[in-house]
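The structure appears right after this line, and notes come after that.
The values are calculated or read from the model by the stated rules, or taken from the named source; none is laboratory data. Keep in mind that this is a model prediction, so the values were computed, not measured. Note: ideal-geometry Cβ built from the backbone for every residue, glycine included; neighbour counts use all protein chains shown. To get the accessible areas, we keep the full protein, side chains included, count just its heavy atoms, and leave off ligands, DNA and RNA. Shrake-Rupley method; radii C 1.70, N 1.55, O 1.52, S 1.80 Å.
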Amino acid sequence: MSYTIGLVGKPSVGKSTFFNAATMNDVPEGAYPFTTINPTVGEAYVRVDCAAPEFGHTCTPNHGYCADGVRFVPIKLVDVAGLVPGAHEGKGLGNQFLTDLNEADVLIHVVDFTGETDLEGEPTEEHDPREDIEFLEAELDMWYLDILEKGIERYRSGYAGEEKAIEADLAEQMSAFGISEEELKQVILGLDLELDPETWDAEDRETLAREIRIRTKPMVVAANKADTEAARENYAEITDDPDYDHLTVIPVSAHAEKALKKGHEADVLEYRPGDDDFEVTEELPEAKRDGLEQIREFLGSFGETGVQRAIETALFEELGAIAVFPGARKPQDDGTFLQDCFVFPGASTAEEFAYSLHTDIGEGFLHAHDVRSGRQIGADTELDHRDVIEITTTN
Ligand SMILES: Nc1nc2c(ncn2[C@@H]2O[C@H](COP(=O)(O)OP(=O)(O)OP(=O)(O)O)[C@@H](O)[C@H]2O)c(=O)[nH]1
Ligand SMILES: [Mg+2]
């Protein structure tokens, strides 16, 4: 399986710039709203400390790449059109692209922290980025509520005479949310609601829609344009505001990440995505040098450009995913080593891991070994991040 991360936010916040920086694509960027209309899916990466050096080996990745002991494991990133207030009623480009976001397992909300764009993405001054955070959550909630209302409507019209469990039927109607029957039941009961839509009033339905949204679309905030003074001031203020403690806010400069990656590609500097420094390897004109020194200062104060951190925080912390290496206790004859590194749900068991590799491997599961310790582990053992696991099957 592969995870998809969706970039959301109002127009002109830097979603496409972030996307290009992370995936080295070239989708149009512009200081005017709705530069992006159609969604683009690209390959970005999450960093995982490679396990190969612990075995005195270098790895041979099938997907992504490895740079000085850091595996860059591919994941999908989606860039969509900007979202404006009222999108769920068709404002701006409407909510067609919300449907594109349905595929996303987790969201990065890109926010222009300079305060220099209004809620429609038009230039302004001293706009409070907190409003962006509020509006986006509200807009997503209304989109969820629309789907929930439709699900309830369909459930009502189809229910008569059916013997199916109520939550099974409701979960089916709400499959657009990507929520399982069991999860839906938990959410409903967790809110002290009955398993019967007829008993829910308007407020219950709103609360339920919001709860389903929070469960199915975890989110981090990328405080973008942090290379500007204005954005840094807002970042300091908002991360100090106790009302926003529940959010994970990561300072980001999509511009800086893009400049460093382009420089690396053009062989004028050496930079590994997510690192806290880089090395200029060519003579450069003064203006370029100055620009790079400013980026170096930024890295000095924030530790990195924030693009990698935002992606990894979304996947590993908000979503709780883990990365596991399928391995073998004996060396492979063909000289390959740790070819794969898979990202999948945290708390997965050895058997679930086997199934995620292939149904046949899952079905034939006999036992597994932790390759580091050589110890045998059972089917129900929960795996940890960076485990190296060998599966033995009956076939
Ligand atoms: N200073 C600064 N400007 C940025 C950064 N990222 C993006 N921008 C600028 O912000 C403007 C909008 O960038 P886009 O990437 O087109 O924004 P978007 O969110 O994709 O916009 P829509 O497609 O219209 O929704 C452009 O002028 C970018 O150059 C950044 O990290 N720092
Ligand atoms: Mg765009």
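Checking the a/c ratio against 1.5 first, then a/b against b/c, what shape does the Cα gyration tensor give for the chain? Taking the square roots of the gyration eigenvalues as a ≥ b ≥ c, the chain is oblate. In this structure, Ala138 and Glu233 have a Cβ-Cβ separation that, at R0 = 22 Å, corresponds to a calculated FRET efficiency of about 0.30.
Between Val41 and Thr392, the contour length at 0.36 nm per residue exceeds the alpha carbon distance by 122.8 nm. Note that segment 101-115 has calculated 3J(HN,Hα) couplings of 6, 3, 6, 6, 7, 8, 10, 10, 8, 7, 10, 7, 7, 6, x Hz, one per residue in order, obtained from phi through the Karplus relation 6.51 cos²θ - 1.76 cosθ + 1.60 (θ = phi - 60°); glycine and proline are x.
For the chain, the 222 nm mean residue ellipticity estimated from helices alone, with every DSSP H stretch of n ≥ 4 adding -39500 (n - 2.57) and the total spread over all residues, rounds to -11000 deg cm²/dmol. Segment Lys91..Tyr355, full-extension length gain: 90.7 nm, with 0.36 nm per residue of separation and the alpha-carbon distance subtracted. In the chain, a dipole from Cβ-located charges (positive for Lys and Arg, negative for Asp and Glu) runs towards its positive end, and of His88, Pro197, Gln308 it is Gln308 whose Cα lies farthest in that direction. Give the calculated FRET efficiency between Glu282 and Asp68 to the nearest 0.05, with a Förster radius of 25 Å applied to their Cβ-Cβ distance. With R0 = 25 Å, the Cβ-Cβ based efficiency is 0.75.
Hydrophobic long helices, here whole DSSP H runs in the chain with Kyte-Doolittle means of at least -1.0 and Cα atoms spread over 30 Å or more along the helix axis, are found at 129-159. Modelled spin labels at Glu149 and Lys262, positioned 7 Å past Cα toward Cβ, are 4.5 nm from each other.
Using the Cβ-Cβ distance between Gln186 and Glu363 with R0 set to 25 Å, the FRET efficiency from 1/(1 + (r/R0)^6) comes to roughly 0.30. Simple point charges give the picture: +1 on the Cβ of Lys and Arg, -1 on the Cβ of Asp and Glu, and for segment 236-300 a dipole about the Cα centre of about 340 debye. Between the residues Phe353, Gly374, Ile389, the greatest Cα displacement towards the positive end of the dipole of segment 344-395, with unit charges on the Cβ of Lys, Arg, Asp and Glu, is found for Gly374. When the pairs Lys10/Lys262; Lys91/Lys288; Lys150/Lys225 are compared against a 31 Å limit on Cα-Cα distance, Lys91/Lys288; Lys150/Lys225 fall above it.
Averaged per residue, segment 292-395 has 49 square angstrom of accessible surface, using a 1.4 angstrom probe with ligands and nucleic acids left out.
Under the criterion of Cα pairs below 8 Å and six or more residues apart, the relative contact order for the chain equals 17 percent. Percent of accessible area on segment 230-335 owned by carbon and sulfur, 1.4 Å probe? Carbon with sulfur: 43 percent of the solvent-accessible area.
Considering only Pro129, Leu101, Thr4, and ranking their Cα positions along the charge dipole of the chain that arises from unit charges at the beta-carbon of Lys, Arg, Asp and Glu, the one farthest toward the positive end is Thr4. Take every pair of alpha-carbon atoms less than 8 Å apart whose residues are at least six positions apart; their mean separation over the length of segment 1-157 yields a relative contact order of 29 percent.
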